[in-house]
Every structure is written in structure tokens, then in C-alpha cells.
Amino acid sequence: MSTPRSDPALVAARGLAVQFEGGQEEAVSGVDLDIAPGGGLVLTGGEGSGKTTVLRALLGLVPATGEILVCGEAPGTPTALRRIGYGPQGEAFGRRNTPRELTRFLARARGVPAAAADQALERAGLPLAARRQIVSTLDIEEVRRTSLACAITGDPDLLVLDGPWELTETIDAIEATRAAVGAVLVATNDPGDFPPFVGPTLELVSGVPA
């Protein structure tokens, strides 16, 4: 999927599949991913196509089958999670916390100095006044910038962005990650201008690669 390198892939999956909770049908099946250091992938498809499910499987948030390695380990292991920066979709995450609290928590979890949290908020372009407000009170652009700040806190090796906006700061973060020989995975309904900055595109239709 990405430019071949001799280094181990940061994401390597063969036959990734996830079943619907409590059912026998698969929400996602037959997904193969290879993202090498310095590379990236845009995962695209309509609403309900399985994009977020794939991301959650790679993060170990939902059970998945198949051969799956993330940062060289099984999904969800503590050492792998410390190397991943995740920018969630929607407005529901961290609603009772401030952006500053969220990024400081992530800085501690990733084992980086607290100053990395403030640096991430600055790089994400979140206004000073918004950094100390509860997330549920922010407007949608401020929420998306908060999501980006959460993802880039501590400059993780693998940047995973779910439904990011095409902000200048988002593109800068993607380019910085790849330049540092990290990898990027973007999930979006519409690839837009992301492929030139991220890498190849993989489309999902009803949970399977198109």
C-alpha cells in the first residue's frame, strides 16, 4: 500500500475481520494493510462502510481476527498504544474535560513531558481561550482541532486520524510525521486533498475492500 522499505511495517494486517457485536455477520472482512515507516494510507468509503471499525480494531478497541501487527505488536498492547496518536471522530470524546486536560493525560500515558501537551495544542491551532473550556462547550472546528492535538501529543510513530478536517495544521502534522519516518492512517468519507500528503487510497464498501 505504501512505498516499500526495508524497515518493518508500522501497520501490517492480513485478512482483518470484525464481527458485529452479538452477531455472526462481519462488519469488516478481508482487509489487508501495509503501512511502512515514512508511508501512509487513506482509508475511504461512505458512512457505515467500516472505516472506523478498522481503526478501532488496529487500536485494540474491538476484537478482530486475522494476522494483525501494529508497531510490531498485537493491537492494544500498552507498548504499541504508547507509539500511536489517535484523533477520534465526532464530538463525544472527552466532553467533560478540557483540551488541556486531555492532552496532558495523553502526554503522561505516552511518557513524554507535560510541555508536549501545550505544544500539541499550539500546533493544532486551538485558540488559547478554548484550551481551558470543557470540550462539550466548543464549536465543531475547535473539537476537530482538539482531536488533532490529542493525536500529535508527543509526536507518536503512528498517526491515526478519523474524519480529520483538511486544516493547514492537519497537513503539517501529516507531513511532519512522515518526515520523522513515522506512518499515517487517515479514515475519511471523501479523500479530498489528503492522498498527495498521505499516500495511496483504499476504499471500503459494506465492510470489504472495493
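The values are calculated or read from the model by the stated rules, or taken from the named source; none is laboratory data. From a predicted model like this one, the values you see are computed outputs, not experimental measurements. Because the Cβ atoms are built from the backbone with ideal geometry, glycine has one as well, and the counts that use them run over all protein chains shown. Just the protein is used for accessible areas: all its heavy atoms, side chains included, with ligands, DNA and RNA removed. Shrake-Rupley method; radii C 1.70, N 1.55, O 1.52, S 1.80 Å.
Against the conditions (1) within 19 Å of the chain's Cα centre (by Cα); (2) small (Gly, Ala, Ser); (3) at pLDDT 95 or above, where does ALA115 fall short? Just the number, please.
(1)
Output the residues belonging to the range 86-112 that are part of a helix (DSSP H, G or I) and either modelled with pLDDT under 95 or not aromatic (Phe, Trp, Tyr) (or both). Don't jump to the end; show me each part of the working.
Here is the first cut: in the range 86-112, the ones part of a helix (DSSP H, G or I) are 99-109.
Within the range 86-112, PRO99, ARG100, GLU101, LEU102, THR103, ARG104, LEU106, ALA107, ARG108, ALA109 meet the criteria.
How do the pairs read when you match residues in the range 199-210 that are on the phi < 0 side of the Ramachandran plot with residues anywhere that are open to solvent by 60 Å² or more (accessible area, probe 1.4 Å) and not in a strand (DSSP E or B), using Cβ under 8 Å and keeping only pairs 6 or more apart or on different chains?
PRO200/MET1; LEU202/MET1; GLU203/ALA210; LEU204/ALA210
Can you name the residue in the range 5-50 that is in contact with a Ser or Thr (Cβ under 6 Å, 6 or more places away or on another chain) and outside any strand (DSSP E or B) and, of all such residues, is surrounded by the fewest Cβ atoms within 10 Å (Cβ to Cβ)?
Out of the qualifying residues, it is ALA36.
A quick yes/no check of all residues on (1) at pLDDT 95 or above; (2) among the aromatic types (Phe, Trp, Tyr); (3) farther than 25 Å from VAL54 by Cβ:
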{"position": "SER136", "(1), (2), (3)": "no, no, yes"}
{"position": "PRO164", "(1), (2), (3)": "yes, no, no"}
{"position": "VAL181", "(1), (2), (3)": "yes, no, no"}
{"position": "GLY192", "(1), (2), (3)": "no, no, no"}
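Does any residue of the range 146-158 turn out to be in contact (Cβ under 8 Å) with a residue 12 or more places away in the chain, of a type in the set (Ser, Thr, Tyr), touching a strand residue (DSSP E or B) at 6+ places or on another chain (Cβ under 7 Å) and farther than 19 Å from PHE105 by Cα?
No, that holds for no residue.
Within the range 113-191, considering only helices (runs of 4 or more DSSP H) that don't extend past its boundaries, which have at least 3 residues that are within 23 Å of ARG96 (Cβ to Cβ) and open to solvent by 50 Å² or more (accessible area, probe 1.4 Å)? Please lay out each step first, then the result.
On the way: elements: 115-123, 140-152, 168-179.
Fully inside the range 113-191 and qualifying: nothing.
Would you please list the contacts, defined by Cβ atoms under 8 Å and residues six or more apart or on different chains, that run from a residue in the range 181-194 that is in contact (Cβ under 8 Å) with a residue 12 or more places away in the chain and farther than 15 Å from GLY38 by Cα to a residue that is part of a loop (DSSP other than H, G, I, E, B) and open to solvent by less than 10 Å² (accessible area, probe 1.4 Å)?
Pairs found: THR188/PHE194; ASN189/GLY45.
Can you work out which of the residues in the range 53-91 that are farther than 22 Å from ALA124 by Cα and among the β-branched types (Val, Ile, Thr) is most open to solvent (accessible area, probe 1.4 Å)?
Checked the range 53-91; the qualifying residue most open to solvent (accessible area, probe 1.4 Å) is THR65.
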